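The values are calculated or read from the model by the stated rules, or taken from the named source; none is laboratory data. These numbers were taken from a predicted model, which means no experiment stands behind them. Virtual Cβ from ideal backbone geometry, glycine too; neighbours counted across all protein chains shown. These accessible areas exclude ligands, DNA and RNA; they are computed on the full protein's heavy atoms, side chains included. Shrake-Rupley method; radii C 1.70, N 1.55, O 1.52, S 1.80 Å.
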Amino acid sequence: MNRVRAWSLVVVSVAVGLWVGVLAQEPVEEILASAPSSEDYPGMDAVVMLDEAYLRMTQTGSELVVRQRICLLTREGIKNYGEVQWPYDTELSELHLDYARTITPDGREVIPAPSAIHEVTPPFLKDAPMYSSVKLYTVSMPALEPGAIIDWQMTIRDKETAPEELRAGLSTIWHFAWEIPVQRSRLAVEVPEGTDLRWQARGIEIEPIVQTAPGTVVYEFTETDIPAITYEPYMPDLRALSPLVVVSTYDSWDGIAAWYAELAEDRYQTSSELLAKVDELTSGIQTPSEKISAIYDFVARDVRYVALEFGLGGYQPHPAPEVFANRYGDCKDQATLLITMLRAAGFEAYPVLLLVGDGLDADFGLLPTPHMFNHVIAAVRQGDGWLFLDPTCDLCTADYLPDPDRAKHGLLVVGDGDRPGLQVVTDPFHPGDNFVESRVQAVLSAGGDLKATASISTGGFDSVWYRSILLSYRPGERRKVFEQLLNYTVPGGRLVSFDHSDLEDTHKPVEITEEFEKDGFAQKAGTVMLLPIPYPAQVPFPDYLADQVGQQERIHPLITWPERIEVHVQIAVPEGLKVQLPQGVSVENSVGFFQAEYALTEEGGISACRILQINVAEVSPEDYPLYKELINAMIQDSQAMVVLMP
């Protein structure tokens with residue numbers, strides 16, 4: 001698991017100032033004397049002995065010195081932390097490796113060979129020359145074994161040739177905790193005397209040590225003995241759980257909006273080809289919603305998304321005509337093209353900055369910084385409100401915002417002088433919009449064999465999810481996936497036929513039809529037959545959710561998504577048999593509800609309806625027992641038996 005850190009402006013050289021000794025390498029003997037052991041940290045793969053950074057404001061931007069020292073306790077720790085990686089943009093920054101060394105348990109100091117140091121293009125950018133300046137600086141550390149310590153430092157500096165408008169004010173977010181213990185975490189920030197630098201902590205009580213010298217002030221934040229963030233399944237992103245401190249020279253969130261508006265101002269250019277495409281897409285369309293939909297479909301489906309987190313390749317988007325011509329872009333580029341085309345069609349549209357990820361959301365109660373955000377979408381004026389659009393979702397439509405973007409606080413960048421930014425909240429979750437609804441018609445023979453047909457319909461993000469799953473396989477492989485699913489829901493069952501709706505038409509929800517059968521589905525006990533009510537080959541199914549509720553209690557919130565799973569089953573049974581139905585189930589609480597209802601049909605068959613609805617995207621540790629109650633009720637109900645008697 002690699003560490004994620006947000007920095008103001010990536011930078012290289014040695015920061016000089018009050019914090020002397022930045023480059024001083026401590027003697028090997030001293031480091032080994034304080035090295036942790038597996039006995040000190042049982043169960044841990046590694047320990048961060050030192051995690052520190054020195055961020056300095058300069059006349060041409062900023063420079064950053066980063067130093068880390070990690071003791072690798074196990075083979076797994078070597079795999080996870082034995083390679084140093086740092087992404088940066090070569091157009092905006094210079095990077096210099098000040099030193100790197102491995103300290104072995106027997107006291108040897110081993111320096112990486114030049115062949116172990118590389119500057120490479122990240123694999124996901126190899127087919128995106130527009131981002132050829134984004135590199136990943138890597139150092140493969142040598143002589144690694146359990147007990148070895150890796151110790152390195154690098155300096156990153158803004159290039160003097162970088163345009164002035166690209167130089168943001170100084171700011172950063174420093175996270176203190178990792179997924180492994182941290183013995184010492186330190187952030188120092190140096191600014192010219194008289195600079196209005198503010199700081200704010202969350203999840204930790206900390207005050208900086210302030211040192212002054214002629215012309216400079218240094219603020220130093222230090223914390224020691226920080227426990228590891230404990231792993232749990234379905235936990236939030238580490239950044240949502242780590243204590244942090246924000247330092248910033250920005251006055252307000254309006255200042256952030258004004259800064260981004262200026263960066264993007266000349267990027268909403270048009271070209272004759274772009275305008276011709278807008279005319280082509282909207283020709284003959286009368287309603288505004290259909291025009292928006294046509295333009296969105298083009299940008300989302302015909303412009304390839306390059307998954308480059310906002311800020312990594314710089315904050316300034318590429319000009320819309322360039323993105324249009326290249327047919328690819330990251331989130332800010334796709335949003336810029338979409339906004340440009342929507343404006344050309346007569347709509348009022350703007351960018352929206354978001355923080356997305358499991359358990360993440362922009363916190364406007366903290367000090368303003370661009371590093372609050374990692375994603376950009378678009379917003380179109382709709383009367384007194386906004387229609388939010390994320391063109392990075394190529395399987396979505398304009399009328400459905402993907403779930404990762406929902407219920408998020410965002411900064412809508414209007415760019416007006418009086419009010420450059422609006423703090424907005426994106427579309428809320430509606431559990432009924434996300435659904436999987438199945439209808440099964442089955443016949444049970446006198447010998448206990450089952451033959452069934454099923455139709456599965458989907459909506460909202462569940463439809464996007466199903467489409468994504470199916471498209472990730474070749475047409476001939478998709479049936480095999482559902483054969484596997486059937487073996488979970490009806491062990492030993494055979495998928496007789498399988499078909500699905502047109503996956504290329506994103507405006508039509510995914511629908512699936514299937515036939516399946518199982519010899520000996522009903523268990524015989526003398527003259528009595530026992531059978532469960534089957535689920536078809538679908539996801540989710542009861543046991544699919546079981547691993548979410550395997551813990552007695554939780555430390556962290558559980559990440560899920562609001563949805564409704566509804567299954568209707570009718571089974572025709574042999575004539576002359578009495579039917580004893582399972583008892584109905586009804587469980588409802590603040591997290592959602594589960595209900596199962598059973599009845600006899602007019603023909604004497606079995607009718608069952610099961611519904612699970614989850615109303616929240618995140619289950620707190622306090623509400624985890626309520627979530628368990630719902631899922632366990634669903635699992636137990638799936639095992640309930642119908643009894644058939646002469």
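Scanning region 115-151 for residues that are modelled with pLDDT under 85 and either open to solvent by 40 Å² or more (accessible area, probe 1.4 Å) or not aliphatic (A, V, I, L, M) (or both) yields Thr121, Pro122, Pro123, Phe124, Lys126, Asp127, Pro129, Tyr131, Ser132, Ser133. Is it the case that some residue within region 152-159 is among the hydroxyl-bearing types (Ser, Thr, Tyr) and modelled with pLDDT of 90 or more? Yes, there is a match, as at least one residue in region 152-159 is among the hydroxyl-bearing types (Ser, Thr, Tyr) and modelled with pLDDT of 90 or more.
Among the residues making up region 370-398, those that are modelled with pLDDT of 95 or more, in a loop (DSSP other than H, G, I, E, B) and either polar (S, T, N, Q) or open to solvent by 30 Å² or more (accessible area, probe 1.4 Å) (or both) are Thr392, Asp394, Thr397. Reported count of residues in region 399-434, each being assigned to a strand (DSSP E or B) and either in contact with a helix residue (DSSP H, G or I) (Cβ under 6 Å, 6 or more places away or on another chain) or closer than 16 Å to Ile339 by Cβ (or both), is 7. Restricting region 197-235 to residues that are open to solvent by 60 Å² or more (accessible area, probe 1.4 Å) and among the hydroxyl-bearing types (Ser, Thr, Tyr), the residue that is nearest to the chain's Cα centre (by Cα) is Tyr234.
Does Glu437 satisfy being in contact with a Ser or Thr (Cβ under 7 Å, 6 or more places away or on another chain) and open to solvent by 10 Å² or more (accessible area, probe 1.4 Å)? Yes; evaluated as a whole, the condition is true for this residue. Of all residues in region 540-577, those satisfying the criterion of being among the acidic types (Asp, Glu) and open to solvent by less than 40 Å² (accessible area, probe 1.4 Å) are Glu563, Glu566.
Being of a type in the set (D, E, K, R) and out of contact with any Asp or Glu (no Cβ under 9 Å at 6 or more places or on another chain) is the requirement here; does Glu309 meet it? Against the criterion (of a type in the set (D, E, K, R) and out of contact with any Asp or Glu (no Cβ under 9 Å at 6 or more places or on another chain)), Glu309 does not qualify.
Each row is one residue, and each column tells you yes or no for (1) assigned to a loop (DSSP other than H, G, I, E, B); (2) among the basic types (Lys, Arg); (3) closer than 27 Å to Asn615 by Cβ.
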site: Tyr488; (1), (2), (3): no, no, yes
site: Phe498; (1), (2), (3): no, no, no
site: Asp502; (1), (2), (3): yes, no, no
site: Thr513; (1), (2), (3): no, no, no
site: Arg564; (1), (2), (3): no, yes, yes
site: His568; (1), (2), (3): no, no, yes
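Among the residues of region 234-257, those that are touching a strand residue (DSSP E or B) at 6+ places or on another chain (Cβ under 7 Å) and small (Gly, Ala, Ser) comprise Ser242, Ser248, Ala257.
For Pro532, are the conditions met, namely being open to solvent by 20 Å² or more (accessible area, probe 1.4 Å) and over 26 Å from Gly448 (Cα atoms)? Answer is no for this residue.
Counting residues in region 533-553 that are of a type in the set (Ser, Thr, Tyr), assigned to a loop (DSSP other than H, G, I, E, B) and touching a Ser or Thr at 6+ places or on another chain (Cβ under 8 Å) gives one or more.
In the set Tyr41, Tyr54, which member is at pLDDT 95 or above, open to solvent by 10 Å² or more (accessible area, probe 1.4 Å) and not charged (D, E, K, R)? So that I can check it myself, show each step before the final result.
Values: Tyr54 fails: open to solvent by 10 Å² or more (accessible area, probe 1.4 Å).
Unique residue meeting the criteria: Tyr41.
Scanning region 510-563 for residues that are of a type in the set (Val, Ile, Thr) and within 23 Å of the chain's Cα centre (by Cα), we see that the one that is farthest from Ala228 (Cα to Cα) is Val539.
From the list Glu618, Glu622, Glu597, Glu566, the one residue that fits, being over 35 Å from the mean Cα position of the chain (by Cα) and acidic (Asp, Glu), is Glu597.
Table: residues versus (1) surrounded by fewer than 21 Cβ atoms within 10 Å (Cβ to Cβ); (2) touching a Phe, Trp or Tyr at 6+ places or on another chain (Cβ under 6 Å); (3) within 30 Å of Gln570 (Cα to Cα); (4) of a type in the set (Phe, Trp, Tyr).
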{"site": "Asp358", "(1), (2), (3), (4)": "yes, no, no, no"}
{"site": "Lys408", "(1), (2), (3), (4)": "no, no, no, no"}
{"site": "Val413", "(1), (2), (3), (4)": "no, yes, no, no"}
{"site": "Asp416", "(1), (2), (3), (4)": "yes, no, no, no"}
{"site": "Pro420", "(1), (2), (3), (4)": "no, no, no, no"}
{"site": "Ala442", "(1), (2), (3), (4)": "no, no, yes, no"}
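When Val425 is tested against (1) out of contact with any Asp or Glu (no Cβ under 7 Å at 6 or more places or on another chain); (2) of a type in the set (A, V, I, L, M); (3) within 30 Å of Pro574 (Cβ to Cβ), exactly one condition is not met: (3).
Mind listing just one residue for me: the one in region 592-646 that is charged (D, E, K, R) and modelled with pLDDT of 95 or more and, of those, most open to solvent (accessible area, probe 1.4 Å)?
Quick first cut of region 592-646, residues charged (D, E, K, R) only: 597, 602-603, 610, 618, 622-623, 628-629, 637.
Narrowing the set further to residues that are modelled with pLDDT of 95 or more leaves 597, 610, 618, 622-623, 628-629, 637.
Numbers: Glu597: 107, Arg610: 6, Glu618: 88, Glu622: 140, Asp623: 54, Lys628: 31, Glu629: 87, Asp637: 6 Å².
Checked region 592-646; the qualifying residue most open to solvent (accessible area, probe 1.4 Å) is Glu622.
Applying a threshold of 8 Å to beta carbon distances and a minimum spacing of six or more residues, or different chains, the list of pairs starting in region 175-194 at a residue that is closer than 15 Å to Glu220 by Cα and among the aromatic types (Phe, Trp, Tyr) and ending at one that is assigned to a strand (DSSP E or B) and open to solvent by 10 Å² or more (accessible area, probe 1.4 Å) reads Phe176/Glu223; Phe176/Ile226. Glu265 falls short on exactly one of the conditions (1) modelled with pLDDT of 95 or more; (2) over 26 Å from the mean Cα position of the chain (by Cα), and that condition is (1).
Restricting region 170-196 to residues that are assigned to a loop (DSSP other than H, G, I, E, B) and at pLDDT 95 or above, the residue that is surrounded by the fewest Cβ atoms within 10 Å (Cβ to Cβ) is Glu179.
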